[in-house]
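Comments concern the structure below.
The values are calculated or read from the model by the stated rules, or taken from the named source; none is laboratory data. The shown structure was predicted, so the numbers you read here are calculated from the model rather than taken from an experiment. In this analysis, Cβ positions are derived from the backbone assuming ideal geometry, glycine residues included, and neighbour counts consider all displayed protein chains.
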Amino acid sequence: MKKIIILSLFLIVIAIPVFIAVKNSMAATSAPDFACVQKAVEKRETAIISSYGTLSAALNAALEKRKTALIAAWGMTDAKSRRAARNTAWQTFRTEQKVARKTNVQSLKDAWTQFHTDAKACKVDSMGAEPQGLDISVSSAASASANIQ
């Protein structure tokens, strides 16, 4: 019985400092790195700005192409050919616009996904910290600000 008590005390004396050391090291590594989050935000916002720039350029090109095609179509003397050319111009524009918007949406999703991955590496839970995508309402931003220190 005496051996059990001595062994127990010995384990407690050894275990307590080890437990404290582990706890302190975990606390040190689990602290949020806000400078890291700043870099992640900069990366995300740059990607979003680039995505909208690409969308704008693609839409401008599609509009210019449509303008040229419609002007050419209205210059045709044959009504049937003119109608077909106008329909083709509009259909081509719709297709190009749809592709550009789809590409933009995917780029935005990729930027946010990368941000969440980067923020997680910074030891910050970024989900709900900022309104994502088009959800930039004041109520969402106010409730989300409680999630970050």
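Against the conditions (1) at pLDDT below 95; (2) surrounded by 14 or more Cβ atoms within 10 Å (Cβ to Cβ); (3) within 26 Å of Ala57 (Cβ to Cβ), Leu70 satisfies every one except (1).
Per this entry, Arg101 is not counted among residues that are part of a helix (DSSP H, G or I) and over 22 Å from the mean Cα position of the chain (by Cα).
For the range 46-67, the set of residues classified as surrounded by 12 or more Cβ atoms within 10 Å (Cβ to Cβ) and over 30 Å from Gln114 (Cα atoms) consists of Leu63, Lys65, Arg66, Lys67, listed by residue number.
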